[in-house]
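Enquirer: Sending over a structure as structure tokens; questions will come in a sec.
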There are 2 protein chains.
Amino acid sequence: MKELSARQRRILSLIVHEYIYSADTVASKHLVEKYHLSMSSATVRNEMSVLTDEGYLKQPHTSAGRVPTEAGYRYFVGQLMQDTSLPEAMRRTINHQFSQMHNDMRQWLELAATILANETHAASLITAPQPVEARIKHIQLIATHGRQALAVLVMEGGQIHQHILTLEEPVSQEQLSILSTKFSQIFAGKNLHSLSQYHGPMSQLEKNVMAWMEDELVRSDQLPTGEIYMDGITNMLAEPEFSDSEEARKAMRLLEERSLLQDLLSQTALPDTIGGVQVLIGGEGNWNDLRQCSVILSKYGSPGIATGTLGVLGPMRMAYGRSISMVRFLSGILSDFIVEQW
Amino acid sequence: MKELSARQRRILSLIVHEYIYSADTVASKHLVEKYHLSMSSATVRNEMSVLTDEGYLKQPHTSAGRVPTEAGYRYFVGQLMQDTSLPEAMRRTINHQFSQMHNDMRQWLELAATILANETHAASLITAPQPVEARIKHIQLIATHGRQALAVLVMEGGQIHQHILTLEEPVSQEQLSILSTKFSQIFAGKNLHSLSQYHGPMSQLEKNVMAWMEDELVRSDQLPTGEIYMDGITNMLAEPEFSDSEEARKAMRLLEERSLLQDLLSQTALPDTIGGVQVLIGGEGNWNDLRQCSVILSKYGSPGIATGTLGVLGPMRMAYGRSISMVRFLSGILSDFIVEQW
DNA sequence: TTTAGCACTCTAACGACGAGAGTGCTAAAA
DNA sequence: TTTTAGCACTCTCGTCGTTAGAGTGCTAAA
């Protein structure tokens, strides 16, 4: 596979641009006219022919314009795309929206998902941040109602697990407070894995609490993360490539199937990586149902504290520049939030 | 609009059945053959003609079979449908699945949404249960990390609000405990509306807590509920009426737009109500985007404690009998859970 | 190396056509 | 009076042939 000449690169770039814009095959003549190229359509045709041989373009049928191939998109994203950063005005608008939120992670994640979906016209996905290396800081039990008690586990990072315990019999707040103090002293500084080292006589209540904490451990261990925030799923349906609805279903099934989605979001170390943003084109890897789609992913958070993943899923014919900037920008916002809050 | 004869009712019923099954226009001859009717197709045709005049059937074009109209479905649901209850085996299977869950509301709601979607082949919707008449029982502040504190508000029903407060400066757990006790004494038994009656000098911390509680009040006041659990959205795409994807988008947009969805789910006092289950056909009311759809809704929970809504959204050509039984059954399961747990 | 010109190919749109499905009507049968 | 057989009529759907137009690939000249 030869190096492409500057002119070939230019033409490839324009074709990708134009196709992303119009969703229609792009013809040599059209290109020359629209971009006032200083060459004839015949010349463009020759170059297009080369690009086709090299595998960057294809034509749906013999006498139609060209369309980028998967390789074409990949070359575009990796080599041609100028790294547009978001216009200042938009940054400000978005920052403003976040500043009007409460300091609530959920709300921020929802807002981020909404903005991401609206601005990219694709489906947005965000996993809740997953705390790193969890150590227990404090345990508090609170009587709520009858035989119910709320157990709160505060971790050193500052994040919280909680659960409602159903007790054998009602227990007063005093007793619960005493137990809280005891447990806090025993487990402070330990991580959840060291729970199993604690043995000895336990009341029913204590067993209850222990059982829950172990449960919490198992859960935080095996699930890469918990909730997933999404928005803009219907944006996909608006794209012409999904008008047949069978293709759309395939891609969307993946969004509903949590386990598949988790797999996808935990993808890492992929070919095209730009400043922490990963681009998966045409379901590269083994995402058969995503052959028509591209995915842009980025981690966010702070390595020492907690990390999550955010990204967009859209048709391969996607505004990569804008989407990548958007993902990167929102990743930054959420990271800052985490650092500040935790 | 005259009364329908028994035979007319029978034929209407069969047509609705058949259309729900086949998604295709149903012809007089087809009906006679498939169901071994003891009359000729001509007779059926005459009756179909009457049913068409009465507005229960229509034909897509002059020489095609009949298809139920909105009114036809409504008559079917209201008058013709025999009230099938779920087979015992299925009840057991489902009960078993729930029994294997932890006592966690979230998990139950998710499971219910999944089962509902799979069994009805439609999209399922469940709102988290919303507590009724909230009175404060206890307030607890817990130091978490630096200037962060977790504030927990326990209501008499037993449900919990919580929030992470960011304080002006670090505050020790002792101080927080003192304040917790003070606030608990002042507000115990009050509902959130009486917060505003408390005035007088307050520390920055106290103001902080108060502000949050008022906030919580406003939120629980205006939002009918919080989270919404869904599943099976892609089931809609599989239905032939949504193969054109434009219609599908309209309906799905509604699922993404939280505010619209809230409106829909809080619909109540609708025409067709069967044992607490409400059936909305063809977006009756003013749901223009749901013209092709039907919605089956039921409240669940316990009037004194907390209630939520669950339901399914599918094409008008939907298996009403099965869906209604399913909704009713799951509504019962969730109600029991709430009564038991709270 | 570029470009004008032209032949060639393929799609998309259109209309014609026939087959088939299903009805509505009429007149006979029950 | 009700049911049914028979038949003409209507409308859709798939197929085919045709055409217009878009766009290419190639060739030969600039």
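Enquirer: For a quick check: with amide H placed at 1.01 Å from N, whose amide H comes under 5 Å from B:ALA122's, ignoring anything fewer than 5 positions away on the same chain?
Expert: none
Enquirer: With n ≥ 4 as the cut-off for DSSP H runs, can you work out [θ] at 222 nm for chain A, using -39500 (n - 2.57) per run divided by the number of residues, rounded to the nearest 500?
Expert: Working: 12 runs with 153 residues, N = 342.
Value at 222 nm, helices only, nearest 500: -14000 deg cm²/dmol.
Enquirer: Accessible area of B:GLU33, 1.4 Å probe, to the nearest 10 Å²?
Expert: Using a 1.4 Å probe on the heavy atoms, I get roughly 110 Å².
Enquirer: To the nearest whole number, what is the average tally of beta carbon atoms from other chains within 10 Å of the beta carbons of peptide A:148-155?
Expert: Counting other chains' Cβ atoms within 10 Å and averaging over A:148-155 gives 4.
Enquirer: Residues of A:173-180, mean number of Cβ from any other protein chain within 10 Å of their own Cβ, rounded to a whole number?
Expert: Working: counts 3, 0, 0, 0, 1, 0, 0, 1.
For this peptide, the per-residue mean of nearby foreign Cβ atoms is 1.
Enquirer: Quick one: label points 7 angstrom along Cα→Cβ at A:LYS58, distances to the other copies in nm, smallest first?
Expert: 4.2
Enquirer: Measure off, as a whole percent, the carbon and sulfur share of the 1.4 Å-probe accessible area of the protein assembly as shown, all protein chains present.
Expert: Numbers: 15170 of 31170 Å².
The computed percentage sits at 49.
Enquirer: For chain B, modelled as a Gaussian network with Cα springs under 10 Å, which listed residue fluctuates most, B:ARG147, B:ARG291, B:ARG249?
Expert: Highest fluctuation of the listed residues: B:ARG147.
Enquirer: Report, in debye and to the nearest 20, how large the dipole of the range B:100-163 comes out about its Cα centre when Lys and Arg carry +1 and Asp and Glu carry -1 on their Cβ.
Expert: On the way: 4 positive and 5 negative charges, 68 e Å.
For the range B:100-163, the charge dipole is close to 320 debye.
Enquirer: I've got another one for you. Roughly how much of B:LYS137 is accessible, in Å² to the nearest 10, using a 1.4 Å probe?
Expert: Result for B:LYS137: roughly 80 Å² accessible.
Enquirer: State in Å² the accessible area per residue of the protein assembly as shown; use a 1.4 Å probe, count heavy atoms of protein chains only, and round to the nearest integer.
Expert: Dividing the accessible area of the protein assembly as shown by its residue count gives 46 Å².
Enquirer: Give me the net charge for the shell around B:VAL26: Cβ to Cβ below 15 angstrom, other residues only, Lys and Arg +1, Asp and Glu -1. All intermediate terms of the calculation are to be shown ahead of the outcome.
Expert: Values: positive: B:ARG10, B:LYS29, B:LYS34, B:ARG45, B:LYS58, B:ARG66, B:ARG317; negative: B:GLU18, B:ASP24, B:GLU33, B:GLU47.
Taking every Cβ under 15 Å from that of B:VAL26, the sum is +3.
Enquirer: Where the label is 7 Å out from Cα toward Cβ, how close does A:GLY200 come to the same position in every other copy, in nm, shortest first?
Expert: 4.3
Enquirer: Where is the GNM fluctuation largest for chain A (alpha-carbon springs, 10 angstrom cutoff): A:PRO170, A:PRO129, A:PRO303?
Expert: Maximum fluctuation in the GNM of chain A, among the listed residues, is at A:PRO170.
Enquirer: If you don't mind, another one. Sort A:SER259, A:SER298 by heavy-atom solvent-accessible area, probe 1.4 angstrom, most to least. Mind showing how you got there, number by number?
Expert: Numbers: A:SER259 75, A:SER298 10 Å².
Output order, biggest surface exposure first: A:SER259, A:SER298.
Enquirer: Copy-to-copy spacing for B:LEU260, label 7 Å out on the Cα-to-C-beta vector, in nm, shortest first?
Expert: Copy-to-copy label distances at B:LEU260, shortest first: 2.5 nm.
Enquirer: Determine which chain A residue has its Cβ at minimum distance from the rotation axis mapping A onto B, giving the value in whole Å.
Expert: Of all Cβ atoms in A, the one closest to the rotation axis yields A:SER245, 2.
Enquirer: Looking at the P(r) of chain A, how many percent of alpha-carbon pairs lie beyond 36 Å?
Expert: The share of Cα pairs beyond 36 Å in chain A comes to 37 percent.
Enquirer: If you count, for every residue in A:236-247, the Cβ atoms of partner chains within 10 Å of its Cβ, what is the mean? Provide the component values of the computation, followed by the final result.
Expert: Numbers: counts 3, 10, 4, 1, 1, 0, 4, 4, 3, 13, 4, 1.
Mean number of neighbouring Cβ atoms from other chains: 4.
Enquirer: Once the Cα atoms of helix B:246-256 and of chain B are each reduced to a long axis, what angle between those two axes, in degrees from 0 to 90 to the nearest 10, is obtained?
Expert: 30 degrees
Enquirer: Can you run phi through the Karplus equation (6.51, -1.76, 1.60; θ = phi - 60°) for the range A:305-319 and list ³J(HN,Hα) in whole Hz, with x for Gly and Pro?
Expert: Coupling constants for the range A:305-319: 10, 7, 9, x, 10, 9, x, 10, 10, x, x, 4, 7, 10, 6 Hz.
Enquirer: Tell me, what is the 1.4 Å probe accessible area of B:HIS17, in Å² to the nearest 10?
Expert: Surface accessible to solvent at B:HIS17 totals approximately 90 Å².
Enquirer: Shifting gears a bit: Applying 1/(1 + (r/R0)^6) with R0 = 30 Å to the Cβ-Cβ distance of A:SER177 and B:HIS96, what FRET efficiency is obtained, to the nearest 0.05?
Expert: Working: r = 39 Å, r/R0 = 1.30.
According to the calculation, E is roughly 0.15.
Enquirer: Test of understanding: in a Gaussian network model of chain B with alpha carbons linked when under 10 Å, which of B:SER323, B:SER184, B:SER302 would top the mean-square fluctuation ranking?
Expert: Per the Cα network of chain B with a 10 Å cutoff, B:SER184 tops the list.
Enquirer: To continue, here is another question. Please list 3J(HN,Hα) in residue order for the range A:161-172, calculated via the Karplus relation 6.51 cos²θ - 1.76 cosθ + 1.60 where θ = phi - 60°; whole Hz, with x for glycine and proline.
Expert: So the J values, rounded to whole Hz, are 10, 8, 6, 9, 8, 9, 8, 5, 8, x, 10, 6.
Enquirer: Given labels modelled 7 Å from the Cα in the Cβ direction, how far is it in nm from A:SER85 to A:GLU241?
Expert: 3.0 nm
The values are calculated or read from the model by the stated rules, or taken from the named source; none is laboratory data. The structure displayed is predicted, hence computed values, not measured ones. Don't worry about glycine lacking a Cβ; one is built from the backbone with ideal geometry, like all the others, and counts go over all protein chains shown. We work out accessible area using only protein heavy atoms, side chains counted, and drop any ligands, DNA or RNA first. Shrake-Rupley method; radii C 1.70, N 1.55, O 1.52, S 1.80 Å.
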